[in-house]
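Trainee: Pasting in a structure now, in structure tokens, and then I'll have a few things to ask.
Just so it is clear, none of the values below were taken in a lab; they were calculated from the coordinates. Every value quoted in this text rests on a predicted model; they were computed, and no experiment measured them. Backbone-built Cβ (ideal geometry, glycine too); neighbour counts: all protein chains shown.
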Amino acid sequence: MTEDKTAIRNAATVIVLRDRGTAPRILMGQRGARAAFMPNKFVFPGGAVDPADGQVPLLGDIPQPCHARLEDDAEPGLQHALAAAAIRELWEETGLILGQPGQWPGTPGQDWLRFAAEGFVPDPRALRFVFRALTPPGRPRRFDARFFLVDAAHVQGDLDDFTHATDELAHLQWIPLDRARAFDLPFITEVVLAEIAARLHEDAPPPSVPFFKNNDEASLFKRLYGHEQPDHA
């Protein structure tokens, strides 16, 4: 049985923000020219949730109200897997670690062996859920992507050392936030950048999370408040 390439996959994307109080920069890289999804575009680190992500040991949970908002208009119980996917993709694509020193309980899965060998356990407590976007129909890949913002102060090690990164993204670099639109960006990335710029000096979770929802019927722009509050509040 072949995989349905247009099936919607849950995904996590990480926006690492550096020097937010002085000269804010964000970490981005360029996708390959032969990539099936967004070739040549500059993007944030991220990718699809793997089946094993839900079993990865984490030091705590994504904070509220982000935790609740991740369940709005979604299947329940995805928070753990989304957090693990965000940290794993950041590690794989940039070599940067979002975690705390510690020993893994048991043997890490294949995707986490190098991460664990560095002496860290993944820690999602600094992640802030700030945006969600569903890839429109008709694209070669479709993702229900959750965007997480994290301050670079929570990343371990040398922020300019990308030697542990895989080759998924080229030209990894810290781009000044006010110059990012000069790069070849996907449309949704430009929208997310505007949201980040508007909340540049706020470390707390935003009052609500924008959700750009593209389905077979229509394109909707919603806001997620968390299931403990009415969606129209």
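Trainee: Which condition does A165 not pass, out of (1) assigned to a loop (DSSP other than H, G, I, E, B); (2) out of contact with any Gly (no Cβ under 6 Å at 6 or more places or on another chain); (3) touching a residue at least 24 places away in the same chain (Cβ under 8 Å), if it passes all the others?
Mentor: Against the list (1) assigned to a loop (DSSP other than H, G, I, E, B); (2) out of contact with any Gly (no Cβ under 6 Å at 6 or more places or on another chain); (3) touching a residue at least 24 places away in the same chain (Cβ under 8 Å), A165 comes up short only on (2).
Trainee: Could you please give the count of residues in the range 190-216 that are touching a helix residue (DSSP H, G or I) at 6+ places or on another chain (Cβ under 9 Å), in contact (Cβ under 8 Å) with a residue 12 or more places away in the chain and loosely packed, with under 15 Cβ neighbours inside 10 Å?
Mentor: 2
Trainee: Looking at I87, I97 in this structure, which one is among the β-branched types (V, I, T), under 15 Å from the mean Cα position of the chain (by Cα) and under 30 Å from S219 (Cα atoms)?
Mentor: Only one candidate qualifies: I87.
Trainee: Inspect the range 147-156 for any residue being more than 17 Å from L17 (Cα to Cα), out of contact with any Lys or Arg (no Cβ under 8 Å at 6 or more places or on another chain), touching a residue at least 60 places away in the same chain (Cβ under 8 Å) and crowded, with 17+ Cβ neighbours inside 10 Å and give the result as yes or no. Before the answer, list the steps.
Mentor: Pass one, the range 147-156, residues more than 17 Å from L17 (Cα to Cα): none.
Scanning the range 147-156, I find no residue that is more than 17 Å from L17 (Cα to Cα), out of contact with any Lys or Arg (no Cβ under 8 Å at 6 or more places or on another chain), touching a residue at least 60 places away in the same chain (Cβ under 8 Å) and crowded, with 17+ Cβ neighbours inside 10 Å, so the answer is no.
Trainee: Is there a residue in the range 61-80 that is out of contact with any helix residue (DSSP H, G or I) (no Cβ under 6 Å at 6 or more places or on another chain) and of a type in the set (V, I, T)?
Mentor: No, the range 61-80 contains no residue that is out of contact with any helix residue (DSSP H, G or I) (no Cβ under 6 Å at 6 or more places or on another chain) and of a type in the set (V, I, T).
Trainee: Moving to a separate point now. Against the conditions (1) surrounded by fewer than 17 Cβ atoms within 10 Å (Cβ to Cβ); (2) under 26 Å from G138 (Cβ atoms); (3) not aliphatic (A, V, I, L, M), where does E89 fall short? Just the number, please.
Mentor: Condition not satisfied by E89: (1).
Trainee: Which fully enclosed strands (runs of 3 or more DSSP E) of the range 96-154 have 3 or more residues being closer than 20 Å to D50 by Cα and touching a Phe, Trp or Tyr at 6+ places or on another chain (Cβ under 8 Å)?
Mentor: 128-134, 142-151
Trainee: Shifting gears a bit: Can you confirm whether the range 94-110 contains a residue that is more than 24 Å from E190 (Cα to Cα), among the aliphatic types (A, V, I, L, M) and without any contact (Cβ under 8 Å) to a residue 12 or more places away in the chain?
Mentor: Of the range 94-110, the ones more than 24 Å from E190 (Cα to Cα) are 95, 97-110.
Pick out the ones that are also among the aliphatic types (A, V, I, L, M) and you get 97-98.
Narrowing further to those that are without any contact (Cβ under 8 Å) to a residue 12 or more places away in the chain: none.
Checked the range 94-110: no residue is more than 24 Å from E190 (Cα to Cα), among the aliphatic types (A, V, I, L, M) and without any contact (Cβ under 8 Å) to a residue 12 or more places away in the chain.
Trainee: Let me ask you something else. Kindly indicate the residue of the range 47-71 that is in a helix (DSSP H, G or I) and touching a His at 6+ places or on another chain (Cβ under 7 Å) and also farthest from W112 (Cα to Cα) among those meeting that condition.
Mentor: A68
Trainee: For the range 13-31, how many residues meet the condition of being of a type in the set (A, V, I, L, M) and surrounded by fewer than 19 Cβ atoms within 10 Å (Cβ to Cβ)?
Mentor: Of the residues in the range 13-31, 1 are of a type in the set (A, V, I, L, M) and surrounded by fewer than 19 Cβ atoms within 10 Å (Cβ to Cβ).
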